[in-house]
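Scroll down for the structure; my scribbles are underneath it.
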Amino acid sequence: MALASTSTASSAPLEDLQSLAGTWVMDSAYEIRPDGTRTTNYGEHPQGLLMVDAAGRYNMQIFRVDRPVFAGGDKARGTADEYKQAVTGSSTHFGTVSIDRAKHQLVFEVQAASFPNWEGKRQVRDYSFQNGLLSYAVPASASSSGIVAYSVWRRTSR
């Protein structure tokens, strides 16, 4: 799947995202709850890496930096809370991604994910690209909780 736009827009925005190819680091991540309050599932300063090659293959990782270590030092013998914190404090997936500039959407075809419900699924996310920052919304339907998550990325290399 190529990174070229899947359709063209006659009135493209001033700053347009021509390609996702390159390495992106997470600038911020936050969630908006159904009542309008803002939360930070991955903490105030999450770490994340998004890498996209010229063919549109991507690998994404997001981590909460203050996840507790497993007291026993063995990930196969953690406590229920240690497992919960490890899972809810991280998100990883890979597959292919393309840009639909006419709809202002990113289309992720998820091959594998730390959240198994996303595997083999298409994830469509509205995006904006301003001041060199790529921001997109993970729709509430992806989490089944009514929460809309936002990820903000800054490209470090092409």
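The values are calculated or read from the model by the stated rules, or taken from the named source; none is laboratory data. For clarity, every value in this text was computed on a predicted model and none was experimentally measured. For neighbour counting, all protein chains shown are included, and Cβ atoms are generated from backbone atoms with ideal geometry for every residue, glycine included.
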> Which of the following residues is out of contact with any Ser or Thr (no Cβ under 9 Å at 6 or more places or on another chain) and not in a strand (DSSP E or B): Gly36, Gly72?
Replying inline: Gly36
> In the range 64-79, what count of residues is obtained for those that are of a type in the set (Asp, Glu), over 22 Å from the mean Cα position of the chain (by Cα) and within 14 Å of Ser90 (Cβ to Cβ)?
Replying inline: 0
> Take the residues of the range 86-99 that are among the hydrophobic types (A, V, I, L, M, F, W, C) and in contact with a strand residue (DSSP E or B) (Cβ under 6 Å, 6 or more places away or on another chain): which is surrounded by the fewest Cβ atoms within 10 Å (Cβ to Cβ)?
Replying inline: Phe94
> Mind checking which residues of the range 103-125 are in a strand (DSSP E or B) and either in contact with a Lys or Arg (Cβ under 8 Å, 6 or more places away or on another chain) or free of Cβ contacts under 8 Å to residues at least 12 places away in the same chain (or both)?
Replying inline: Gln105, Leu106, Val107, Phe108, Glu109, Val110
> Can you name every residue in the range 31-82 that is in contact (Cβ under 8 Å) with a residue 24 or more places away in the chain, farther than 22 Å from Ala149 by Cβ and among the charged types (D, E, K, R)?
Replying inline: Asp53, Arg57
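Just to be sure before I move on: is Ser19 modelled with pLDDT under 95, exposed (fewer than 13 other Cβ atoms within 10 Å of the Cβ) and either of a type in the set (Gly, Ala, Ser) or touching a Lys or Arg at 6+ places or on another chain (Cβ under 6 Å) (or both) in the structure I sent?
no
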> Within the range 83-102, which residues are part of a helix (DSSP H, G or I) and either of a type in the set (D, E, K, R) or touching a residue at least 40 places away in the same chain (Cβ under 8 Å) (or both)?
Replying inline: Lys84, Thr88
> Can you tell me which residues in the range 131-158 are part of a strand (DSSP E or B) and at pLDDT below 90?
Replying inline: Val138, Ser157
>> Any residue that is under 30 Å from Gln18 (Cβ atoms), surrounded by fewer than 16 Cβ atoms within 10 Å (Cβ to Cβ) and of a type in the set (Asp, Glu) - is there at least one of those in the range 110-124?
In response: yes
>> If I go through the range 56-85 residue by residue, how many of them are of a type in the set (Gly, Ala, Ser) and crowded, with 16+ Cβ neighbours inside 10 Å?
In response: 2
